[in-house]
1. Within the range 110-122, is even one residue in contact (Cβ under 8 Å) with a residue 40 or more places away in the chain, hydroxyl-bearing (Ser, Thr, Tyr) and open to solvent by 10 Å² or more (accessible area, probe 1.4 Å)?
2. What tally of residues in the range 20-49 results from selecting those that are modelled with pLDDT under 70 and either at positive phi or more than 18 Å from the chain's Cα centre (by Cα) (or both)?
3. Given the criterion open to solvent by less than 40 Å² (accessible area, probe 1.4 Å), touching a Phe, Trp or Tyr at 6+ places or on another chain (Cβ under 9 Å), at pLDDT below 95 and of a type in the set (Asp, Glu), identify the matching residue among Glu155, Glu127, Glu167, Glu100.
4. Can you name every residue in the range 130-144 that is modelled with pLDDT of 85 or more and open to solvent by 50 Å² or more (accessible area, probe 1.4 Å)?
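The values are calculated or read from the model by the stated rules, or taken from the named source; none is laboratory data. In this text, all values refer to a predicted model and were calculated from it rather than measured experimentally. Counting neighbours? That spans all protein chains shown, and the Cβs are built from the backbone with ideal geometry, glycine included. Calculation scope for accessible area: heavy atoms of the full protein, side chains included, ligands and nucleic acids excluded. Shrake-Rupley method; radii C 1.70, N 1.55, O 1.52, S 1.80 Å.
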Amino acid sequence: QAAAQRIVELLAQGARVALVTDAGTPAVSDPGARIVAAVRAAGHRVVPIPGPSSALAALSVAGFVEGAFHFIGFLPTGGRERTRALSEAALRGESFVCFEAPHRIADALQALAAVLAPTRRVLVARELTKLYEDTCVVSAAELPAWVQQHEPRGEYVIVVDAAPKSEAQLD
């Protein structure tokens, strides 16, 4: 709220302001949406700066999403709700993208491993566009081992490949 107020003040003074983060496109599943809403409410114009969001950046390096994908955003924080959201996404059969925080990544990947067919491919991307950027493609069956081998660090983007037609009913 304080940042939004300061930006609105600057715009009222005639300044040009760009909202940029080191974690992908601001205001996509991000508190930056509150700043955009405040700027619009104050009657100022909002223009996107072209560039990929972390979801699109992760999709671009996954190497397996060729068609449509479903964007979930941040997963629900409660275990039951998270499992339900992942189960519903898996049952759709199409590729999907979700975000997760470091303190919940282990639980999220364990839940994902439980709802996906074991051979379904998953890209786990962390710290995109930052110094310790890391991306890894593993099968759903390999997710629990991946969690054990990697210290939680930074925000995560998870991309799940579409289920092959024969596996869509198994997920």
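1. For the range 110-122, residues in contact (Cβ under 8 Å) with a residue 40 or more places away in the chain, hydroxyl-bearing (Ser, Thr, Tyr) and open to solvent by 10 Å² or more (accessible area, probe 1.4 Å): present.
2. Residues meeting the conditions: 4.
3. Among Glu155, Glu127, Glu167, Glu100, only Glu127 is open to solvent by less than 40 Å² (accessible area, probe 1.4 Å), touching a Phe, Trp or Tyr at 6+ places or on another chain (Cβ under 9 Å), at pLDDT below 95 and of a type in the set (Asp, Glu).
4. Glu133, Thr135, Val137, Ala141, Glu142
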